[in-house]
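Laboratory data are not the source of any read-out in this text; all were calculated from the coordinates shown. Just so it is clear, the structure is predicted and the values come from calculations on it, not from any experiment. In this analysis, Cβ positions are derived from the backbone assuming ideal geometry, glycine residues included, and neighbour counts consider all displayed protein chains.
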Amino acid sequence: MNKTYDVVIVGAGVIGTSCAYHLVKKGFQVALVEKKDLARETSSHCDAVALIPDKMPGIDAAMGYASIQRFKELEKELDYDFEFHQNGSLHLCETDQEMEIATKYANDLIAEGYAIDILNPQELLEKEPFLATDLKGGLFSHECCGVNPYKLCFAFVDAVEGKGLDVYTHTTVTDIKRDAENNVVGVETDKGILKTNKVVNCCGVWAPEIGKMVGIDIPIKPRKGVILISGAGFPICKQKIHEFGYMVSKFDDIQCERDPEAEKYNVAFTIEPSAGNNVLIGSSRNFDGYDVDAEIDIIRVIAKRAVRFLPILKDINCIRSYAGVRPFIEEHLPLITHVKEIPGYYIAAGHEGDGISMSPLTGRLISEMIAGEEPCMDVSPFSFSRYNK
Amino acid sequence: MKLKETGVLTTADLKEMGRYPSEERMKKGPVAVAECVQDIPCNPCETSCPFKAIHVGENISNLPNVNVDVCNGCTTCVAACSGLAIFVLDKSYSDSVGKVSFPYEYGHSFKVNDVVKAADRSGKNVCDGKILKITNTQKADKTTIITLEVPIEWVDEVRSIYRDRQQQLVKEVLSEKLGDDVMVCRCEEITAGEIRAAIRQGATDITGVKLRTRAGMGLCQGRTCEALVNQIIRQELGNSPEEIGFSTPRTPQRPVTFGTLGGDLDE
């Protein structure tokens, strides 16, 4: 250790590995420091879809779209197979009220130029024959894609490790060193000091800890999500499917009546076919500190919701549950930012459930900022200075 | 009760439950002790006893009570107990050694007068013992009963013979290096070679291997392969079992339908 780098990245989840990849591509010498192993926390305890219809119209959806385009390029750039697939996604409406909200919402996205079809119940069943027959309709988004989240992390590292990237796993950051003017000068770890003028905090739910080291308060909270896995079998569904209520559980500003139990645990049905022929079924959102137990009450509600939308699941086996904590931020906008009070200190964190999908773009934006280039999109909404107002 | 903490019954547990013969009784001559403490529905001990010294009663889930005044330590019940839970103890033999008779249903080549390693209830070798008697009668339905002479202070603990060869086999298997083409994870069809490749890519523990290879992600959730993956990591990196860890235990313990999980059985 005790080497000098252009940039030191703290945290080797999907955001950290993407930043590492994009920075090395710009010619920087980069160190990636990780307390555990690559993709060991949130990025391997999630599902992984890049969606349009789960984003708010405006910058949120624009980022989702830009990320999908970037995934298509990455699939060609990266040798390591991260199981990219683009087969669209469905959002289901259970009630007329939901269908009404969804239609209005879809029209806003369509107006922004996204390819979304509004489906009637018949069209829905043509897409997915195993769906419950009493649904009121839904949305189909053509562009949506999926990846294997932890393989994406491995792919980013695999492409640049030893070619400008040094990876320090099982290495804990203990302090961020600054000079008298508050400029970053190094990263202290339990294994030695890495000299650098630039550090990127990519620690997701643990970003506040790395923030405290320089005396800033990063308002990220862990928000837990539980997911169930089926045994491998015949294809139950062809694409990612979500209940539109997922939007309701994600954004507090969309209000409509839902199943009271689903409401209580903030559960919304999602299902995602995986490359291993299992399906991932989710999911819940609740605040429970850093705990990653999958509570039986939440599992029950998720299973119940899943059977309600896809009755065929009733007789299909669940083989595992898991839970991860997502970096929640009140404004539903991540921090992708330089902290100007601490020159050389960057944050890329707070993507909540969109970290995988927004990782390519986040890495690119950070690399552009550090290279002093004009970012490929307006980054002011992601600035840390939003808390100074 | 130690049984509930460690899975191994202790003499103290039995004494606490009032199910162990007194020192005084053992000093008078051989006597059966039924180390049966769970409500298992069976009663061959009662029906086999030629002296009607064992009582289970109408409800066959009752624990057997040995009438130590009637029991003469004939060992009929030792062979009859399908749970291999009955032993005959004798401290009347001498001041320094006593006798323990126990069922032994493994293949063996022991002879009378052999000195063997005696094992306690956990299977651990605690002292040496001399074989006094080996019986394998028609009546005992091929259950061998061995009587060992052990130091008197071990009569309350010795319940079998230490299985040296088996322990040796386990050690041999664990130090064996699996060929690269050996299938380690059968559910996901992952070979030892693929696991070693994952270790070269940076995996240092069970979860690291799992994420890089899918070993342990299949139907059995690592029940079959995890010990082998652990062994390969240990051989490749020299990591301790603590460092290698295990995959996070998660609900459900075995496959269960989403219908059952969702609680819709009553509908």
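Observations, loosely collected:
- Helix-derived mean residue ellipticity, 222 nm - over chain A, DSSP H n ≥ 4, -39500 (n - 2.57), to 500: -9000 deg cm²/dmol
- Computed over the range A:40-93, the percent of Cα pairs more than 18 Å apart is 45.
- Anisotropy class of the range B:1-94 from Cα gyration tensor, a/c 1.5 cut: oblate
- For the range B:2-162, the relative contact order works out to 20 percent when only alpha carbon pairs closer than 8 Å and six or more residues apart are counted.
- Anisotropy class of the range A:82-132 from Cα gyration tensor, a/c 1.5 cut: oblate
- For chain A, the Kirkwood radius over C-alpha pairs fed into Stokes-Einstein at 37 °C and 0.692 mPa s yields D = 154 µm² per second.
- In the range A:165-292, the DSSP beta bridges split such that about 95 percent are antiparallel, to the nearest 5.
- Only lysines eight or more places from A:K76 in sequence, or on another chain, were considered; those with a Cα closer than 22 Å are A:K25, A:K26, A:K151, A:K163.
- Estimated 222 nm signal from helices in chain B, with DSSP H stretches of n ≥ 4 weighted -39500 (n - 2.57), rounded to 500: -7000 deg cm²/dmol
- Kirkwood analysis of the range B:63-205, using all unique Cα-Cα pairs, places the hydrodynamic radius at 18.2 Å.
- Global form of chain B, assessed from the alpha-carbon gyration tensor, a/c cut-off 1.5: prolate
- By the Stokes-Einstein formula, at 0.890 mPa s and 25 °C, the range A:54-193 with its Kirkwood radius over alpha-carbon pairs has D equal to 130 µm²/s.
- Annotation note: trypsin sites (Lys or Arg not before Pro) in the range A:288-348 located in DSSP loop regions with a Cβ neighbour count of at most 16 within 10 Å are A:K340.
- Fluctuation leader among A:A306, A:A371, A:A62 - chain A, Gaussian network, Cα springs under 10 angstrom: A:A371
- Between B:L178, B:L148, B:L63, the GNM of chain B built on Cα springs shorter than 10 angstrom shows B:L178 fluctuating the most.
- Average projection, convex hull of the Cα set of the protein assembly as shown: 37.3 square nanometres.
- Loop-located chymotrypsin sites (Phe, Trp or Tyr not before Pro) in the range B:95-152, at most 14 other Cβ atoms within 10 Å (DSSP): B:Y106, B:F110
- Calculated SAXS-style log₁₀ I(q)/I(0) at q = 0.17, 0.25, 0.26 Å⁻¹ - the range B:61-124, Debye, Cα scatterers: -0.81, -1.43, -1.46
- Distance from the C-alpha centroid of the range A:1-41 to that of the range A:91-154: 36 Å, rounded to the whole angstrom.
- Exposure rule at most 11 other beta-carbon atoms within 10 Å, DSSP loop GluC sites (Glu not before Pro): chain A longest free segment: A:1-180
- Stokes-Einstein, applied to the Kirkwood radius of the range B:177-244 over Cα pairs at a viscosity of 0.890 mPa s and 25 °C, places its translational diffusion at 217 µm² s⁻¹.
- Screening chain A for DSSP H helices whose Cα atoms reach 15 Å or more along their own axis and whose mean Kyte hydropathy is at least 1.0 gives A:149-160.
- For peptide B:244-255, the mean count of partner chain Cβ atoms within 10 Å of a residue's Cβ comes to 4.
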